[in-house]
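**Q** One structure follows; several queries about it will come next.
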Amino acid sequence: MIYLDANATTPLDPAVLEAMLPFLSENWANASANYAAGRKARKALQNAREHVAALIDVEDREVVFTSGATESINAVHASVRHLWPQNRLLITTKAEHAAGLQCAARWEQSGGEVCRLGVDRSGLIDLKELRKALQSSQAALVSILWANNETGIIQPMREIVAMAHEYGALVHADAVQMIGKAPMDAKVDFLSLSGHKFHAPKGIGALIVNQRVRFEPLLVGGGQEGGRRSGTENVPGIVGLGQAAALAMSPCSGDLRNAFEAQLTRDWPEAVIHGRHAPRLPNTTSICFPGIDAAGMLILLDQAGIACSAGSACHTSSLHPSHVLEAMGYDSAHAASTLRFSFSRMNTFIEATQAAETVLNSARKMRAIGSAHSRLTT
Ligand code: PLP
(Lines give C-alpha, C1' and ligand atoms only; values in the text may rest on other atoms or scores of the structure.)
Protein backbone atom coordinates (compact mmCIF):
# COMPACT_ATOMS: atom_id res chain seq x y z
CA MET A 1 0.00 0.00 0.00
CA ILE A 2 1.12 3.55 -0.70
CA TYR A 3 -0.41 5.46 2.19
CA LEU A 4 -1.36 9.03 1.26
CA ASP A 5 -3.95 9.77 3.93
CA ALA A 6 -1.78 11.22 6.69
CA ASN A 7 -4.32 13.95 7.48
CA ALA A 8 -6.72 11.16 8.55
CA THR A 9 -4.12 9.40 10.66
CA THR A 10 -0.42 8.53 10.52
CA PRO A 11 1.48 5.29 11.07
CA LEU A 12 3.04 4.87 14.49
CA ASP A 13 6.73 5.77 14.36
CA PRO A 14 8.82 2.73 15.45
CA ALA A 15 10.74 5.00 17.86
CA VAL A 16 7.42 6.03 19.43
CA LEU A 17 6.40 2.40 19.88
CA GLU A 18 9.78 1.60 21.41
CA ALA A 19 9.41 4.44 23.93
CA MET A 20 5.90 3.27 24.86
CA LEU A 21 6.55 -0.45 25.23
CA PRO A 22 8.10 -0.41 28.74
CA PHE A 23 4.99 1.44 29.98
CA LEU A 24 2.72 -1.24 28.52
CA SER A 25 4.74 -4.12 29.99
CA GLU A 26 6.97 -3.97 33.08
CA ASN A 27 6.28 -0.33 34.01
CA TRP A 28 2.51 -0.21 34.39
CA ALA A 29 2.25 1.77 37.63
CA ASN A 30 -0.27 4.52 38.25
CA ALA A 31 1.48 7.86 37.83
CA SER A 32 -0.15 9.12 41.05
CA ALA A 33 1.34 6.31 43.16
CA ASN A 34 3.90 7.18 45.82
CA TYR A 35 6.36 4.35 45.36
CA ALA A 36 9.30 3.99 43.00
CA ALA A 37 7.35 2.63 40.01
CA GLY A 38 4.77 5.42 40.34
CA ARG A 39 7.52 8.02 40.54
CA LYS A 40 9.06 6.57 37.38
CA ALA A 41 5.74 6.86 35.54
CA ARG A 42 5.36 10.43 36.83
CA LYS A 43 8.84 11.30 35.60
CA ALA A 44 7.96 9.89 32.17
CA LEU A 45 4.86 12.12 32.08
CA GLN A 46 6.95 15.17 32.95
CA ASN A 47 9.48 14.29 30.28
CA ALA A 48 6.68 13.98 27.69
CA ARG A 49 5.17 17.27 28.87
CA GLU A 50 8.49 19.02 28.31
CA HIS A 51 8.75 17.63 24.77
CA VAL A 52 5.23 18.78 23.89
CA ALA A 53 5.85 22.20 25.48
CA ALA A 54 9.08 22.60 23.49
CA LEU A 55 7.30 21.69 20.26
CA ILE A 56 4.59 24.32 20.77
CA ASP A 57 6.95 26.78 22.49
CA VAL A 58 4.91 27.08 25.70
CA GLU A 59 5.59 26.44 29.39
CA ASP A 60 5.32 22.79 30.37
CA ARG A 61 2.64 23.66 32.94
CA GLU A 62 0.46 24.91 30.08
CA VAL A 63 0.20 21.38 28.60
CA VAL A 64 -2.89 19.37 29.57
CA PHE A 65 -2.97 15.81 28.26
CA THR A 66 -6.35 14.73 26.86
CA SER A 67 -7.75 11.81 24.86
CA GLY A 68 -7.32 13.76 21.62
CA ALA A 69 -8.29 16.92 19.84
CA THR A 70 -12.04 16.29 19.90
CA GLU A 71 -11.92 16.34 23.70
CA SER A 72 -9.62 19.37 23.74
CA ILE A 73 -11.91 21.37 21.44
CA ASN A 74 -15.01 20.43 23.46
CA ALA A 75 -13.23 21.37 26.70
CA VAL A 76 -12.30 24.85 25.45
CA HIS A 77 -15.79 25.67 24.22
CA ALA A 78 -17.46 24.37 27.38
CA SER A 79 -15.02 26.23 29.63
CA VAL A 80 -15.34 29.61 27.91
CA ARG A 81 -19.13 29.34 27.68
CA HIS A 82 -19.31 28.47 31.37
CA LEU A 83 -16.93 31.14 32.64
CA TRP A 84 -18.07 34.07 30.49
CA PRO A 85 -21.82 33.49 29.90
CA GLN A 86 -22.43 37.24 29.48
CA ASN A 87 -20.16 37.36 26.40
CA ARG A 88 -22.53 35.44 24.18
CA LEU A 89 -20.69 35.53 20.88
CA LEU A 90 -18.52 32.75 19.43
CA ILE A 91 -16.71 33.58 16.19
CA THR A 92 -15.69 30.63 14.07
CA THR A 93 -15.68 29.69 10.37
CA LYS A 94 -17.80 27.72 7.94
CA ALA A 95 -14.81 25.50 7.13
CA GLU A 96 -14.07 23.97 10.55
CA HIS A 97 -13.46 20.32 11.33
CA ALA A 98 -16.60 18.47 12.52
CA ALA A 99 -15.54 18.90 16.16
CA GLY A 100 -15.50 22.70 15.79
CA LEU A 101 -18.76 22.71 13.83
CA GLN A 102 -20.57 20.64 16.45
CA CYS A 103 -19.20 22.68 19.36
CA ALA A 104 -20.50 25.80 17.64
CA ALA A 105 -23.94 24.18 17.31
CA ARG A 106 -23.86 23.40 21.06
CA TRP A 107 -22.87 26.98 21.80
CA GLU A 108 -26.07 28.09 20.06
CA GLN A 109 -28.16 25.45 21.84
CA SER A 110 -26.94 26.87 25.15
CA GLY A 111 -28.33 30.30 24.24
CA GLY A 112 -25.13 31.72 22.75
CA GLU A 113 -24.72 33.43 19.41
CA VAL A 114 -22.40 32.18 16.67
CA CYS A 115 -20.82 34.08 13.79
CA ARG A 116 -19.51 31.69 11.14
CA LEU A 117 -17.06 33.54 8.92
CA GLY A 118 -16.99 32.61 5.27
CA VAL A 119 -13.83 31.85 3.33
CA ASP A 120 -12.77 32.98 -0.13
CA ARG A 121 -11.86 30.83 -3.15
CA SER A 122 -8.46 30.25 -1.57
CA GLY A 123 -10.04 29.05 1.66
CA LEU A 124 -8.93 32.09 3.67
CA ILE A 125 -11.08 34.12 6.01
CA ASP A 126 -11.42 37.85 5.45
CA LEU A 127 -9.85 39.74 8.37
CA LYS A 128 -12.19 42.69 7.71
CA GLU A 129 -15.13 40.33 8.32
CA LEU A 130 -13.50 39.19 11.55
CA ARG A 131 -13.14 42.79 12.72
CA LYS A 132 -16.79 43.49 11.86
CA ALA A 133 -17.89 40.46 13.89
CA LEU A 134 -15.71 41.51 16.83
CA GLN A 135 -17.23 45.01 16.71
CA SER A 136 -20.80 43.70 16.56
CA SER A 137 -20.95 42.35 20.10
CA GLN A 138 -18.67 41.19 22.93
CA ALA A 139 -17.16 37.91 21.68
CA ALA A 140 -15.98 35.44 24.30
CA LEU A 141 -14.07 33.22 21.91
CA VAL A 142 -12.64 33.13 18.40
CA SER A 143 -12.18 29.45 17.54
CA ILE A 144 -10.51 28.73 14.21
CA LEU A 145 -9.01 25.76 12.40
CA TRP A 146 -5.39 26.84 11.88
CA ALA A 147 -4.74 24.50 8.92
CA ASN A 148 -7.67 22.88 7.17
CA ASN A 149 -7.65 19.08 7.23
CA GLU A 150 -9.22 18.79 3.74
CA THR A 151 -7.29 21.45 1.85
CA GLY A 152 -4.25 22.20 4.02
CA ILE A 153 -4.95 25.95 3.79
CA ILE A 154 -3.39 27.89 6.68
CA GLN A 155 -5.28 30.81 8.27
CA PRO A 156 -3.40 33.98 9.26
CA MET A 157 -3.39 33.11 12.96
CA ARG A 158 -1.02 35.85 14.07
CA GLU A 159 -3.33 38.54 12.67
CA ILE A 160 -6.40 36.74 14.06
CA VAL A 161 -4.91 36.68 17.57
CA ALA A 162 -3.85 40.34 17.45
CA MET A 163 -7.31 41.43 16.32
CA ALA A 164 -9.25 39.22 18.76
CA HIS A 165 -7.14 40.44 21.68
CA GLU A 166 -7.78 44.06 20.69
CA TYR A 167 -11.46 43.36 21.40
CA GLY A 168 -10.87 41.26 24.54
CA ALA A 169 -11.80 37.91 22.96
CA LEU A 170 -9.89 34.69 23.65
CA VAL A 171 -8.51 32.62 20.78
CA HIS A 172 -8.58 28.86 20.32
CA ALA A 173 -6.66 27.28 17.44
CA ASP A 174 -7.32 23.75 16.24
CA ALA A 175 -3.68 23.08 15.37
CA VAL A 176 -4.12 19.36 14.73
CA GLN A 177 -2.88 19.53 11.15
CA MET A 178 -0.09 22.05 11.80
CA ILE A 179 2.04 19.87 14.04
CA GLY A 180 5.25 18.76 12.39
CA LYS A 181 4.19 20.37 9.13
CA ALA A 182 4.32 24.14 9.44
CA PRO A 183 5.82 26.63 11.90
CA MET A 184 3.33 27.87 14.49
CA ASP A 185 4.14 31.54 14.80
CA ALA A 186 1.16 32.76 16.87
CA LYS A 187 0.56 32.77 20.63
CA VAL A 188 -3.02 31.63 21.08
CA ASP A 189 -4.90 31.24 24.39
CA PHE A 190 -5.90 27.63 23.73
CA LEU A 191 -4.46 25.16 21.25
CA SER A 192 -5.69 21.64 20.46
CA LEU A 193 -3.52 18.85 19.10
CA SER A 194 -3.84 15.15 18.44
CA GLY A 195 -1.11 12.50 18.65
CA HIS A 196 -2.26 10.24 15.85
CA LYS A 197 -1.77 12.98 13.26
CA PHE A 198 1.97 13.02 13.90
CA HIS A 199 2.99 9.40 14.39
CA ALA A 200 1.86 8.88 18.00
CA PRO A 201 -1.00 6.49 18.80
CA LYS A 202 -4.71 7.26 18.59
CA GLY A 203 -6.56 8.31 21.74
CA ILE A 204 -3.96 10.74 23.05
CA GLY A 205 -3.66 14.47 22.54
CA ALA A 206 -3.28 17.70 24.40
CA LEU A 207 -4.86 21.02 25.11
CA ILE A 208 -2.52 23.94 25.64
CA VAL A 209 -4.03 26.43 28.09
CA ASN A 210 -2.33 29.79 28.42
CA GLN A 211 -1.43 30.09 32.09
CA ARG A 212 -2.90 33.61 32.32
CA VAL A 213 -6.34 32.40 31.17
CA ARG A 214 -8.97 30.89 33.47
CA PHE A 215 -10.06 27.38 32.60
CA GLU A 216 -12.90 25.21 33.87
CA PRO A 217 -12.26 21.47 33.38
CA LEU A 218 -14.60 19.38 31.29
CA LEU A 219 -13.75 16.24 33.26
CA VAL A 220 -13.71 16.39 37.04
CA GLY A 221 -12.72 13.66 39.44
CA GLY A 222 -9.30 12.77 40.82
CA GLY A 223 -7.73 16.12 39.93
CA GLN A 224 -5.01 14.85 37.59
CA GLU A 225 -3.31 17.30 35.21
CA GLY A 226 -3.35 19.99 37.88
CA GLY A 227 -7.12 19.64 38.22
CA ARG A 228 -7.62 20.56 34.54
CA ARG A 229 -8.38 17.03 33.28
CA SER A 230 -9.27 14.30 35.72
CA GLY A 231 -8.82 10.63 34.96
CA THR A 232 -5.90 8.25 35.46
CA GLU A 233 -3.24 9.31 33.00
CA ASN A 234 -2.71 7.24 29.86
CA VAL A 235 1.00 6.85 30.60
CA PRO A 236 1.99 4.81 27.50
CA GLY A 237 0.00 7.15 25.24
CA ILE A 238 1.50 10.26 26.82
CA VAL A 239 5.01 8.83 26.56
CA GLY A 240 4.30 8.11 22.87
CA LEU A 241 3.02 11.65 22.38
CA GLY A 242 6.16 13.07 23.98
CA GLN A 243 8.43 10.98 21.77
CA ALA A 244 6.42 11.94 18.67
CA ALA A 245 6.67 15.61 19.68
CA ALA A 246 10.45 15.30 19.96
CA LEU A 247 10.55 13.80 16.46
CA ALA A 248 8.26 16.50 15.02
CA MET A 249 10.49 19.45 15.90
CA SER A 250 11.56 20.09 12.31
CA PRO A 251 8.61 20.73 9.96
CA CYS A 252 8.39 18.44 6.91
CA SER A 253 9.46 19.66 3.48
CA GLY A 254 7.00 19.96 0.61
CA ASP A 255 9.22 18.18 -1.91
CA LEU A 256 7.13 15.01 -2.28
CA ARG A 257 3.81 16.83 -2.45
CA ASN A 258 5.19 19.36 -4.93
CA ALA A 259 6.62 16.66 -7.20
CA PHE A 260 3.31 14.76 -7.00
CA GLU A 261 1.28 17.86 -7.91
CA ALA A 262 3.66 18.80 -10.72
CA GLN A 263 3.30 15.34 -12.28
CA LEU A 264 -0.50 15.42 -12.02
CA THR A 265 -0.97 18.90 -13.42
CA ARG A 266 1.53 18.35 -16.24
CA ASP A 267 -0.45 15.36 -17.55
CA TRP A 268 -3.91 16.57 -16.52
CA PRO A 269 -3.86 20.35 -17.07
CA GLU A 270 -7.58 20.79 -16.25
CA ALA A 271 -6.95 19.58 -12.69
CA VAL A 272 -7.66 22.22 -10.05
CA ILE A 273 -5.52 22.39 -6.91
CA HIS A 274 -7.48 24.09 -4.17
CA GLY A 275 -5.80 27.06 -2.52
CA ARG A 276 -2.74 26.57 -4.69
CA HIS A 277 -1.51 30.11 -4.18
CA ALA A 278 -2.56 30.46 -0.54
CA PRO A 279 -0.38 29.52 2.44
CA ARG A 280 -0.78 25.73 2.54
CA LEU A 281 0.52 22.75 4.48
CA PRO A 282 3.46 21.23 2.60
CA ASN A 283 2.03 17.71 2.84
CA THR A 284 -1.52 18.19 1.52
CA THR A 285 -3.05 18.40 -1.91
CA SER A 286 -6.77 18.75 -2.50
CA ILE A 287 -7.28 18.29 -6.21
CA CYS A 288 -10.30 18.26 -8.48
CA PHE A 289 -10.36 16.29 -11.75
CA PRO A 290 -13.35 18.02 -13.34
CA GLY A 291 -15.97 15.59 -14.61
CA ILE A 292 -14.30 12.54 -13.03
CA ASP A 293 -16.20 10.77 -10.27
CA ALA A 294 -13.99 10.78 -7.16
CA ALA A 295 -15.90 7.89 -5.53
CA GLY A 296 -15.11 5.69 -8.56
CA MET A 297 -11.49 6.92 -8.49
CA LEU A 298 -11.23 5.92 -4.85
CA ILE A 299 -12.27 2.36 -5.69
CA LEU A 300 -9.75 2.11 -8.53
CA LEU A 301 -7.00 3.61 -6.37
CA ASP A 302 -7.81 1.26 -3.51
CA GLN A 303 -7.56 -1.69 -5.92
CA ALA A 304 -4.19 -0.34 -7.08
CA GLY A 305 -2.96 -0.07 -3.49
CA ILE A 306 -3.21 3.69 -2.99
CA ALA A 307 -4.88 4.94 0.20
CA CYS A 308 -6.25 8.47 -0.04
CA SER A 309 -9.61 10.12 0.57
CA ALA A 310 -12.34 11.94 -1.27
CA GLY A 311 -12.70 15.65 -0.77
CA SER A 312 -16.39 15.06 -0.22
CA ALA A 313 -16.37 13.11 3.05
CA CYS A 314 -13.55 12.71 5.49
CA HIS A 315 -15.06 11.23 8.59
CA THR A 316 -18.06 9.15 7.60
CA SER A 317 -19.00 6.89 4.74
CA SER A 318 -21.70 9.34 3.68
CA LEU A 319 -20.96 11.24 0.51
CA HIS A 320 -22.18 14.68 1.48
CA PRO A 321 -20.52 17.39 -0.55
CA SER A 322 -17.58 18.84 1.34
CA HIS A 323 -18.70 21.81 3.45
CA VAL A 324 -15.17 23.15 3.08
CA LEU A 325 -15.26 23.25 -0.72
CA GLU A 326 -18.80 24.57 -0.55
CA ALA A 327 -17.61 27.40 1.72
CA MET A 328 -14.91 28.14 -0.89
CA GLY A 329 -17.66 28.62 -3.48
CA TYR A 330 -17.36 25.33 -5.36
CA ASP A 331 -20.49 23.40 -6.33
CA SER A 332 -21.31 19.82 -5.38
CA ALA A 333 -20.22 18.46 -8.80
CA HIS A 334 -16.78 19.97 -8.25
CA ALA A 335 -16.63 18.51 -4.71
CA ALA A 336 -17.67 15.11 -6.07
CA SER A 337 -14.62 15.17 -8.37
CA THR A 338 -12.14 16.07 -5.64
CA LEU A 339 -9.55 13.85 -3.97
CA ARG A 340 -7.27 14.57 -1.03
CA PHE A 341 -3.74 13.20 -0.83
CA SER A 342 -1.73 13.82 2.31
CA PHE A 343 1.89 12.80 2.82
CA SER A 344 3.90 12.16 5.96
CA ARG A 345 7.63 11.98 6.61
CA MET A 346 7.34 8.21 6.16
CA ASN A 347 6.58 8.50 2.43
CA THR A 348 9.30 8.27 -0.19
CA PHE A 349 9.92 10.08 -3.46
CA ILE A 350 9.37 6.82 -5.38
CA GLU A 351 5.97 6.43 -3.73
CA ALA A 352 5.01 9.97 -4.76
CA THR A 353 5.98 9.29 -8.39
CA GLN A 354 4.28 5.89 -8.53
CA ALA A 355 1.16 7.24 -6.88
CA ALA A 356 0.91 10.13 -9.36
CA GLU A 357 1.19 7.70 -12.28
CA THR A 358 -1.51 5.46 -10.76
CA VAL A 359 -3.80 8.43 -10.13
CA LEU A 360 -3.41 9.55 -13.75
CA ASN A 361 -4.12 6.01 -15.05
CA SER A 362 -7.22 5.78 -12.84
CA ALA A 363 -8.46 9.16 -14.06
CA ARG A 364 -7.95 8.03 -17.68
CA LYS A 365 -9.93 4.87 -16.96
CA MET A 366 -12.72 6.86 -15.34
CA ARG A 367 -12.83 9.21 -18.34
CA ALA A 368 -13.04 6.21 -20.71
CA ILE A 369 -15.87 4.70 -18.62
CA GLY A 370 -17.62 8.09 -18.61
CA SER A 371 -17.44 8.54 -22.40
CA ALA A 372 -18.55 4.91 -23.04
CA HIS A 373 -21.50 5.56 -20.72
CA SER A 374 -22.47 8.78 -22.47
CA ARG A 375 -22.26 7.04 -25.92
CA LEU A 376 -24.69 4.40 -24.63
CA THR A 377 -27.11 6.91 -23.18
CA THR A 378 -27.27 9.32 -26.14
N1 PLP B 1 -9.32 18.68 14.20
C2 PLP B 1 -8.81 18.33 13.01
C3 PLP B 1 -8.37 19.40 12.07
C4 PLP B 1 -8.68 16.99 12.66
O5 PLP B 1 -8.18 16.68 11.46
C6 PLP B 1 -9.09 16.00 13.58
C7 PLP B 1 -9.01 14.57 13.22
O8 PLP B 1 -9.74 14.10 12.39
C9 PLP B 1 -9.61 16.41 14.82
C10 PLP B 1 -9.71 17.75 15.09
C11 PLP B 1 -10.05 15.41 15.85
O12 PLP B 1 -8.92 14.82 16.46
P13 PLP B 1 -9.03 13.48 17.32
O14 PLP B 1 -9.07 12.36 16.35
O15 PLP B 1 -7.78 13.47 18.15
O16 PLP B 1 -10.23 13.58 18.18
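**Q** Take the residues in region 90-108 that are open to solvent by 70 Å² or more (accessible area, probe 1.4 Å) and more than 17 Å from the chain's Cα centre (by Cα); name whichever of them is farthest from the ligand (Cβ to nearest atom).
**A** Step one: list which residues in region 90-108 are open to solvent by 70 Å² or more (accessible area, probe 1.4 Å), which gives 94, 102, 106, 108.
Those still in the list that are more than 17 Å from the chain's Cα centre (by Cα) too: 106, 108.
Values: 106: 15, 108: 20 Å.
So, considering only residues that are open to solvent by 70 Å² or more (accessible area, probe 1.4 Å) and more than 17 Å from the chain's Cα centre (by Cα), the one farthest from the ligand (Cβ to nearest atom) is 108.
**Q** Condition first: in contact (Cβ under 8 Å) with a residue 60 or more places away in the chain, open to solvent by less than 10 Å² (accessible area, probe 1.4 Å) and within 11 Å of the ligand (Cβ to nearest atom). Can you find one or more residues in region 152-161 that meet it?
**A** Yes, some residue in region 152-161 is in contact (Cβ under 8 Å) with a residue 60 or more places away in the chain, open to solvent by less than 10 Å² (accessible area, probe 1.4 Å) and within 11 Å of the ligand (Cβ to nearest atom).
**Q** Another one. State yes or no: is residue 191 assigned by TED's automatic domain parsing to the domain that holds residue 243, hydrophobic (A, V, I, L, M, F, W, C) and touching a strand residue (DSSP E or B) at 6+ places or on another chain (Cβ under 6 Å)?
**A** On the way: assigned by TED's automatic domain parsing to the domain that holds residue 243: yes; hydrophobic (A, V, I, L, M, F, W, C): yes; touching a strand residue (DSSP E or B) at 6+ places or on another chain (Cβ under 6 Å): yes.
So residue 191 passes the test.
A quick yes/no check of all residues on (1) of a type outside the set (Phe, Trp, Tyr); (2) touching a residue at least 24 places away in the same chain (Cβ under 8 Å); (3) under 30 Å from residue 288 (Cα atoms):
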position: 179; (1), (2), (3): yes, yes, yes
position: 188; (1), (2), (3): yes, yes, no
position: 193; (1), (2), (3): yes, yes, yes
position: 221; (1), (2), (3): yes, no, no
position: 245; (1), (2), (3): yes, yes, no
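**Q** With the condition kept exactly as written, say whether any residue in region 2-19 is under 30 Å from residue 163 (Cα atoms) and either modelled with pLDDT of 95 or more or not in a helix (DSSP H, G or I) (or both).
**A** Yes - at least one qualifying residue is present in region 2-19.
**Q** Related question: With the checklist (1) at pLDDT 95 or above; (2) open to solvent by less than 60 Å² (accessible area, probe 1.4 Å) in hand, flag the one item residue 312 doesn't pass.
**A** (1)
**Q** Considering only region 69-82, how many residues are within 16 Å of the ligand (Cβ to nearest atom) and buried (at least 23 other Cβ atoms within 10 Å of the Cβ)? Show your work before the answer.
**A** Our first condition is that a residue be within 16 Å of the ligand (Cβ to nearest atom); within region 69-82, this holds for 69-78.
Narrowing the set further to residues that are buried (at least 23 other Cβ atoms within 10 Å of the Cβ) leaves 69, 72-73, 75-77.
Number of matching residues: 6.
**Q** Another question about this same structure. Please enumerate the residues belonging to region 189-203 that are within 13 Å of the ligand (Cβ to nearest atom) and outside any strand (DSSP E or B).
**A** Of everything in region 189-203, those that are within 13 Å of the ligand (Cβ to nearest atom) and outside any strand (DSSP E or B) turn out to be 195, 196, 197, 198, 200, 201, 202, 203.
**Q** What number of residues within region 114-137 satisfy the criterion of being open to solvent by 80 Å² or more (accessible area, probe 1.4 Å) and either within 20 Å of the chain's Cα centre (by Cα) or among the basic types (Lys, Arg) (or both)?
**A** Within region 114-137, residues that are open to solvent by 80 Å² or more (accessible area, probe 1.4 Å) and either within 20 Å of the chain's Cα centre (by Cα) or among the basic types (Lys, Arg) (or both) number 4.
**Q** Still on this structure: Could you figure out which of (1) open to solvent by 30 Å² or more (accessible area, probe 1.4 Å); (2) on the phi < 0 side of the Ramachandran plot isn't true of residue 111?
**A** Answer for residue 111: the failing condition is (2).
**Q** Take region 209-236 and flag every residue that is surrounded by fewer than 24 Cβ atoms within 10 Å (Cβ to Cβ), within 16 Å of the ligand (Cβ to nearest atom) and on the phi < 0 side of the Ramachandran plot.
**A** The answer is 218, 219, 234.
**Q** So, one more: Is at least one residue of region 40-47 outside any loop (DSSP other than H, G, I, E, B), under 20 Å from residue 248 (Cβ atoms), free of Cβ contacts under 8 Å to residues at least 24 places away in the same chain and more than 16 Å from the ligand (Cβ to nearest atom)?
**A** Kept after step one, since they are outside any loop (DSSP other than H, G, I, E, B), are these residues of region 40-47: 40-47.
Cutting the leftovers down to under 20 Å from residue 248 (Cβ atoms) gives us 44-47.
Imposing the further condition that a residue be free of Cβ contacts under 8 Å to residues at least 24 places away in the same chain reduces the set to 46.
Right, trim to more than 16 Å from the ligand (Cβ to nearest atom) and you get 46.
There is at least one residue in region 40-47 that is outside any loop (DSSP other than H, G, I, E, B), under 20 Å from residue 248 (Cβ atoms), free of Cβ contacts under 8 Å to residues at least 24 places away in the same chain and more than 16 Å from the ligand (Cβ to nearest atom).
**Q** Look at residue 260 and say whether it is open to solvent by 20 Å² or more (accessible area, probe 1.4 Å) and aromatic (Phe, Trp, Tyr). I'd like the intermediate steps shown before the answer.
**A** Details: open to solvent by 20 Å² or more (accessible area, probe 1.4 Å): no; aromatic (Phe, Trp, Tyr): yes.
Judged against the criteria, residue 260 is not a match.
**Q** If you go through region 50-64 one residue at a time, do you hit one that is within 26 Å of residue 123 (Cβ to Cβ), buried (at least 22 other Cβ atoms within 10 Å of the Cβ) and touching a residue at least 40 places away in the same chain (Cβ under 8 Å)? Let's see the steps before the verdict.
**A** Going residue by residue through region 50-64, those that are within 26 Å of residue 123 (Cβ to Cβ) are 55-57.
Next, from what is left, pick out any that are buried (at least 22 other Cβ atoms within 10 Å of the Cβ): 55.
Still in the list and also touching a residue at least 40 places away in the same chain (Cβ under 8 Å): 55.
Yes, there is a match, as at least one residue in region 50-64 is within 26 Å of residue 123 (Cβ to Cβ), buried (at least 22 other Cβ atoms within 10 Å of the Cβ) and touching a residue at least 40 places away in the same chain (Cβ under 8 Å).
The values are calculated or read from the model by the stated rules, or taken from the named source; none is laboratory data. Note that the structure is a prediction, hence the values are computed from the model and not measured. Here the Cβ is made from the backbone with ideal geometry for all residues, glycine too, and neighbour counts use every protein chain on show. Ligands, DNA and RNA are excluded from the accessible area calculation, which covers all protein heavy atoms including side chains. Shrake-Rupley method; radii C 1.70, N 1.55, O 1.52, S 1.80 Å.
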